[in-house]
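The structure under discussion appears below in the form of structure tokens.
Please treat every number below as a calculation from the coordinates, not as lab data. Only a predicted model underlies this, so the values are computations on that prediction, with no experimental measurement involved. Cβ sites come from the backbone with ideal geometry, for glycine too, and all protein chains shown count toward neighbours.
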Amino acid sequence: MAFWLADKREGQVTDWIQRFDPRFWTVNFPRPMMASVVTTAPDALRVEATFLRKTDLAGLIWQSEDTLDHPLLAYATDRDYSRTTLSFRWRSGGIIPLDGINGPTLTIEGRDEARQPRTWYVRLWNYAEGTNEDARIVLRFSDLRGGFTLPDDADLVWPGSIDRMFISLVSPDYEAGVEDALPGPVEGWVELTGIECTGHRAMLEIGDVVVPPHGLAMATAFDDCGTQTPARLLRSARQLGYRGSVVHYVGMSHYFRLAPSAGEFLVGGTGDPLCGPARAWHAGYFSACAALGFSPIVSLSYEVLAQHCPSAWQQRTFDGEPGRTGWDPPSALLSPANGAAMAWLQSVAAEFVTLARDAGVPVRFQVGEPWWWVQPGGRICLYDAAARAAFGGDPPDIEDIRQPLDDEQVALLDAAGSLLAASTSALVEAARSAVAPEPLESLLLIFSPTILDPEMPEARRANVPGGWAYPAFDRLQVEDYDWLTSGSDGYRRLAYTRLDEHLGYPLAEQDYFAGFVLKPEDRDLWRRIDAGIDEALKRDPHEVFVWALPQVSRDGYVRIPVNKPGDDMQAFDDVRYPLALGRDATVIPEFSTSVSVTASGFERRNSLWSDARLRFDVGPGIRSEAELGDLIEFYRARRGAARGFLLRDPTDFSSSGMVGTPTMLDQLIGRGDGATTDFPLSKRYGTAEAAQLRRITRPRAESLLVSVNGVQEENFALGTGGIVIFDVPPAEGSVVRAGFIFDVPVRFADDRLEISGAAFAAGEAPSVPVVEIREAA
């Protein structure tokens, strides 16, 4: 399947939006406070904020450069606000009002007229008409002044080069730099309605590409996307061609209500488990899904940001160390044995699915990656106080789960698996009860590189319990991106087999998760991810998801839609040309080289193709009228140039020289690394650095011989596209070689075949040009 990593728009469709469009504002804030922004109308937005400390400050932000949207969908960068006017109605509550000290201030970051970095602080009250909590505000950027009191403190804003601006929001008890907890959480809100931009440069060009639906589904996450509006996120997903389901991970760090406790802010207090901003954002998200035809899946995991997780709730190793993920800052893992932790998690699930039900979407709930965590060194986390009690009070220590285990340790893992399965079942039941009598679809997401790690074969007893077997959940969802992006395809395929055997979910009740690319410098990994998507589609699961929208937008990933059934644009018939080519047939290997000649006669040459493309004229090989009839029949069956076929090049069809008998040592196709199982066939021409590498995509299976370190190998399969797939990865440093006979994928060059019977009878051969088809390799 073709895909594209777009860096920028290059002639694609655009549209225009009003500057300060409510969909494209964001919020920011320091942990542990929380804020969110949603659109409430085409010209309105609402901010919700929960302040926990005296120093907490939230910002409502407009950025001149769009750094969040996909390159094909972003709005144009324009830092010039000269002669531009922004106006809106302001309403607020629970924050310092417009006329107060430290009241809402528009901070403008940019450069002054001399192009030196500058920041201006514009007190909104100075440009308001109305009350301190309900006013009309008009900001004329060419006549805008910072300062608390005007004209005494006036600081004229230079509007010609503004990077960003944000409106600061603080609680009535705000004290800058004082991190003491407030007496209790303070809920504040702001509404901007009737947002209007007029004057010079009031409109911004914006990408308006609409990728046709390609059959894939999308994943989003509140931790990564919750500072944006739901409308912005779902616009991107839909216009990039994603339809149907959208998995939404509610996260592990921002959705919950926190309460002060001995100098910390912890989850688990009384009342609503969700904070107000998260509740408002998710209500808007689910409603926007309903409006756009998406079917959201609420994803909830056992992870909680470590600094907000009660100590007694956390999974621990045998020596008391709490389990920690590799994120920065890290998350803790809730113990399935801790009753208080599980009761809280169940209340969270109940609230989220209720929000989905109230938005009018089908209720779908995913338990995301539930497991007993394994710390570095193979220390599995089965030993928090509640777990110890559940396992009899003094369970045997497992210091390294990678080492051989005795019967008691194996029995402990089995008991841990049963407890984990019981906790996920109770979690689903809590969600189901919250929305009854409405139906609820339950889904289980598992991460196979962790729970089926070959270095920890017994860990699956704890982390793939039999209690998850079909139909414990309505659907199984599998992600394996660590193996996918590292090329460990053997582990991936083995995991599919083991999960099918152990859990028994039909393929029609399985989903596959592809992705993700953590760092922008690794964006080339999308090539493997896209290939993984193609492989998954061939298995025909229920749905294939791309994880996740922030990475798709950051790296510009575009999935090119597959051809519709019956579309013959890339049709290929796996049949061979019926006539043997004789010595009279013409074979033409061609390269593409650009040559520029300087005025003095010197040349600069640039090779545009890494591999030659072959052309043939098969007409001179036709020897009789019967063969001429075979050619015409074959040509018509291929519909001229429309359908490809196979042709043996009479001058070069073997891995041994050009036409020799293949041996298992002919061609080096790779070196083992202990993980890679897939080795593409290739043939080298020339030696050393001058060698030209040719991918062989159409070998003859019966001719294939493979060796590892000079020993013939039998435990492999030949995959599509000429890929040798080993059952077990070759050892690190091993040399993999192969020998084979191969054909060339070709098509007729023209849609017209000119044959003169008289000329043929007179001994004149017809011209029948054929051209090689480049195949994805």
Inset, instruction - Output ³J(HN,Hα) for the range 405-422: one whole-Hz value per residue in order, computed from phi by the Karplus curve 6.51 cos²θ - 1.76 cosθ + 1.60 with θ = phi - 60°, and x for Gly and Pro. - result: 10, 8, 5, 5, 5, 5, 5, 5, 5, 4, 5, 5, x, 5, 5, 4, 4, 5
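Over its Cα atoms, what ratio of radius of gyration to 2.2 N^0.38 Å does the range 449-567 give?
Working: Rg = 15.4 Å, N = 119, 2.2 N^0.38 = 13.5 Å.
Dividing the Cα Rg of the range 449-567 by 2.2 N^0.38 Å gives 1.14.
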Inset, instruction - Could you quote the convex hull projected area for the range 92-239, Cα atoms only and averaged over all directions, in nm²? - result: 12.8
Legend entry - Between the range 17-92 and the range 199-277, the Cα center-to-center distance that results, in Å: 14
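When the dipole is taken about the Cα centre of the chain, and only Lys, Arg (+1) and Asp, Glu (-1) are charged at their Cβ, what size is it in debye, to the nearest 20?
1600
If the only charges are +1 at each Lys and Arg Cβ and -1 at each Asp and Glu Cβ, what is the size of the charge dipole of the range 290-375 around the Cα centre, to the nearest 20 debye?
For the range 290-375, the charge dipole is close to 200 debye.
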Inset, instruction - Return THR220, THR107 ranked ascending by Cβ neighbour count within 10 Å, so the fewest neighbours appear first. - result: THR107, THR220
Inset, instruction - Kindly put SER600, SER607, SER171 in sequence by how many other C-beta atoms sit within 10 Å of each C-beta, fewest to most. - result: SER600, SER607, SER171
Inset, instruction - Set Lys and Arg Cβ to +1 and Asp and Glu Cβ to -1, take the dipole of the chain about its Cα centre, and tell me which of VAL267, LEU753, VAL209 lies farthest positive. - result: LEU753
Inset, instruction - With a/c under 1.5 counting as rounded, go ahead and sort the range 648-777 into rounded, prolate or oblate using the C-alpha gyration tensor (a ≥ b ≥ c being the square roots of the eigenvalues; past the cut-off, prolate if a/b is larger than b/c, else oblate). - result: prolate
Inset, instruction - Give me the net charge of TRP313's neighbourhood, meaning all other residues with Cβ under 12 Å from the Cβ of TRP313; Lys, Arg count +1, Asp, Glu -1. - result: -1
Legend entry - Cβ-based exposure ranking for MET456, MET658, MET165, in which fewest neighbours within 10 Å come first: MET658, MET456, MET165
Inset, instruction - Would you calculate a helix-derived [θ] at 222 nm for the chain, using -39,500 (n - 2.57) for each DSSP H run of n ≥ 4 and dividing by the full residue count, to the nearest 500? - result: -6000 deg cm²/dmol
Inset, instruction - Taking H placed 1.01 Å from N in the peptide plane, check which residues at least 5 places from VAL363 or on another chain put their amide H under 5 Å from its amide H. - result: GLU441
Legend entry - Net charge of Cβ neighbours under 9 Å - reference GLU441; Lys, Arg +1; Asp, Glu -1: +1
Legend entry - Estimated translational D of the range 407-509 in µm²/s (Stokes, Kirkwood radius over Cα pairs; 37 °C; 0.692 mPa s): 223
Legend entry - Among SER168, ALA472, ALA349 the positive-end extreme of the charge dipole of the chain (Cβ point charges): SER168
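Given R₀ = 56 Å, FRET efficiency for GLU191-ARG639 by Cβ-Cβ distance, to 0.05?
The pair GLU191/ARG639 has a calculated efficiency of 0.35.
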Legend entry - DSSP bridge pairs, the chain: antiparallel proportion in percent, nearest 5: 75
Inset, instruction - For the range 586-772, build the charge dipole from Cβ charges (+1 Lys, Arg; -1 Asp, Glu) around the Cα centre, then report which of LEU665, SER654, SER592 sits farthest towards its positive end. - result: SER592
Legend entry - Interchain or long-range residues, amide H under 5 Å from LEU182's placed H: ARG53, LYS54
Legend entry - ³J(HN,Hα) computed for each position of the range 611-628 - Karplus, 6.51 cos²θ - 1.76 cosθ + 1.60, integer Hz, glycine/proline x: 9, 6, 10, 8, 10, 10, 10, 8, x, x, x, 7, 10, 8, 5, 5, 5, 4
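So if a site counts as exposed when it's one of the GluC sites (Glu not before Pro), its DSSP state isn't H, G, I, E or B, and it has at most 12 other Cβ atoms within 10 Å, what's the longest stretch of the chain without one?
Result, exposed sites excluded: 180-454.
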Inset, instruction - Tell me the trypsin sites (Lys or Arg not before Pro) within the range 572-615 that lie in a loop according to DSSP and have at most 11 other beta-carbon atoms within 10 Å. - result: ARG583
Inset, instruction - Per residue of the range 250-264, in order, report the coupling 6.51 cos²θ - 1.76 cosθ + 1.60 (Karplus, θ = phi - 60°) as ³J(HN,Hα) in whole Hz, putting x for Gly and Pro. - result: 6, x, 9, 9, 10, 7, 8, 7, 10, 10, x, 7, 6, x, 10
Inset, instruction - Tell me which residues come under 5 Å, amide H to amide H, from TYR512 once H is placed; ignore anything under 5 positions away on its chain. - result: VAL478, GLU543, VAL544, PHE545
Inset, instruction - Give me the distance between the Cα centres of the range 278-346 and the range 611-677, rounded to whole Å. - result: 56
Legend entry - Net length gained if the chain between ARG79 and ALA2 were fully extended (0.36 nm per residue, minus Cα distance): 24.1 nm
